[in-house]
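In what follows, a structure is listed as structure tokens, so that the remarks can point back to it.
Every read-out reported here was derived from the displayed coordinates using simple, explicitly stated rules and does not represent laboratory data. As the structure is a computational prediction, the values presented were derived from the model and not from experiment. In this analysis, Cβ positions are derived from the backbone assuming ideal geometry, glycine residues included, and neighbour counts consider all displayed protein chains.
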Amino acid sequence: MDYMTLREASKKWGISPRQINYYCSEGRIPGAEKKGRVWLIPKDAKKPVDGRTKQGRALKHE
């Protein structure tokens, strides 16, 4: 399986690496693994829904 780093996912999804770190530690990105101090995210992973936005809250309650 191919993996990407937080920085690569950040560029792909248009959000900060810190926010992706939160998603990984909360288990919201399936298949993400922590190796030492680095999170490895599957290249085919989907961007998690951001529950802080109006659209994200609507999707969260469906």
Let me have the 222 nm mean residue ellipticity of the chain computed from DSSP H runs of 4+ only, each contributing -39500 (n - 2.57), with the sum over all residues rounded to the nearest 500. -10500 deg cm²/dmol
How far is it, in nm, from the label point at Lys34 to the one at Lys46 when both lie 7 Å from their Cα along the line to the Cβ? 2.5
For Rg and Dmax of the Cα atoms in Å, calculated from these coordinates, the label among [x] 14.7, 48; [y] 12.8, 36; [z] 11.8, 36: [z]
Within a Gaussian network of the chain (alpha carbon springs, distance under 10 Å), most fluctuating of Gly27, Gly36, Gly14: Gly36
Under 16 Å from Lys12, Cα to Cα: lysines that are on another chain or at least 8 residues apart: Lys43, Lys46, Lys47
Loop only per DSSP, at most 10 neighbouring Cβ atoms within 10 Å: give me the trypsin sites (Lys or Arg not before Pro) in the chain, ordered by residue number. Arg37, Lys46, Arg52
